[in-house]
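Student: Handing you this structure, nothing more for now.
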Amino acid sequence: MGDSTKERKYIDIGINLGDPVFRGKYHGKNVHEDDLQDIIDRAVEVGCRKFMITGSDLHESRHAVDLAREHSGLCYATVGVHPCSAKLFDSYAGGPEKYLAEIKALAMSAKESGHAVAFGEIGLDYDRLFLSPKDQQLKYFEAQLEVAVEVQLPLFLHSRAASEDFERLLSARLPQLPKGGLVHSFTGTIEEMQRLVALGLDLGVNGCSLKTDENLEVVKAMPLDRIQIETDGPWVSHRSFLSAFREFCYLLNHLCFV
């Protein structure tokens, strides 16, 4: 990509490095050798200096923190429960209050050690209500926002087809969250983008954000100082059009043309 690109410094603000795919496992089967370090090395080669590993539930958040410890100074974690995993609160053996307390304790301890830098991934996803119903998502998004006020980390947010409820619940808490946050993997409309920017939030751009002509127009309209780039790897590799964006080096190459 040229020497000039190598001189620049970037942060991948959303990558699921704890996913078994990065260890060569697909659907429980070993398909290739563990290539996690190779993927990290390729990203570093093109200027990526830090990675933010996404926590999507209690187990994955713990894993993200462990990886951040293993790659201290390079990798950092988020801690939280994805809206599609909201059902885990009610199915937890110790009950939802215990689950929430453990999320809070993990976030606080990882913040103190410097291994967690954001609270999330939290939010609402009405595109996938079959994974967690709307009432569960609303209940535990609000509950996690209350925890976020105590933890005082920047928010790592998720919003899909839920802008009205998402903005309503978030707006009520943002005055108590001076560190703000970002809405990752943004695919909303220009109007939604403008409202989120007005709330003081940043926007995560990845392969999903670049999929259609409409998406591209939204990205072009974003204030440059509110854009943060991410791969969300390896999830975007499940879409054939976006297969290249599971790695930072390929996403960066595509963004140059936007």
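The values are calculated or read from the model by the stated rules, or taken from the named source; none is laboratory data. Every value quoted in this text rests on a predicted model; they were computed, and no experiment measured them. Virtual Cβ from ideal backbone geometry, glycine too; neighbours counted across all protein chains shown.
Student: Pick out the one residue from Thr78, Thr54 that is in contact (Cβ under 8 Å) with a residue 60 or more places away in the chain, touching a Phe, Trp or Tyr at 6+ places or on another chain (Cβ under 6 Å) and of a type in the set (S, T, N, Q).
Tutor: Exactly one of Thr78, Thr54 is in contact (Cβ under 8 Å) with a residue 60 or more places away in the chain, touching a Phe, Trp or Tyr at 6+ places or on another chain (Cβ under 6 Å) and of a type in the set (S, T, N, Q), namely Thr78.
Student: Give me the strands (runs of 3 or more DSSP E) completely within the stretch 133-240, filtered to those with at least 2 residues that are touching a residue at least 60 places away in the same chain (Cβ under 8 Å) and crowded, with 17+ Cβ neighbours inside 10 Å, ordered by residue number.
Tutor: 155-160, 181-183, 227-229
Student: For the stretch 190-221, which positions are touching a helix residue (DSSP H, G or I) at 6+ places or on another chain (Cβ under 7 Å) and of a type in the set (Val, Ile, Thr)?
Tutor: Ile190, Val197, Val205, Val218, Val219
Student: Can you name the residue in the stretch 111-162 that is among the polar types (S, T, N, Q) and farther than 24 Å from Ser91 by Cα and, of all such residues, is farthest from the chain's Cα centre (by Cα)?
Tutor: That would be Ser113.
Student: Right, here's the next one. Tell me yes or no: at least one residue of the stretch 72-80 is closer than 18 Å to Phe166 by Cβ and among the small types (Gly, Ala, Ser).
Tutor: yes
For every residue, the table says whether it meets (1) buried (at least 18 other Cβ atoms within 10 Å of the Cβ); (2) assigned to a helix (DSSP H, G or I); (3) of a type in the set (Ser, Thr, Tyr).
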residue	(1), (2), (3)
Asp12	yes, no, no
Phe22	yes, yes, no
Asp34	no, no, no
Gln37	no, yes, no
Ala43	yes, yes, no
Glu60	yes, yes, no
Val65	yes, yes, no
Ala68	yes, yes, no
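Student: Answer yes or no: is there a residue in the stretch 56-72 that is of a type in the set (Lys, Arg) and within 26 Å of Ile39 (Cα to Cα).
Tutor: Yes, the conditions are met somewhere in the stretch 56-72.
Student: Would you mind stating whether Glu121 is acidic (Asp, Glu), in a helix (DSSP H, G or I) and modelled with pLDDT of 95 or more?
Tutor: Judged against the criteria, Glu121 is not a match.
Student: So, one more: Report whether or not Ala77 is of a type in the set (A, V, I, L, M), under 15 Å from the mean Cα position of the chain (by Cα) and assigned to a strand (DSSP E or B).
Tutor: Yes.
Student: Right, next: Give Lys87, Lys29 a once-over and let me know the one that is free of Cβ contacts under 8 Å to residues at least 12 places away in the same chain and surrounded by fewer than 19 Cβ atoms within 10 Å (Cβ to Cβ).
Tutor: Criteria check complete, one pass: Lys29.
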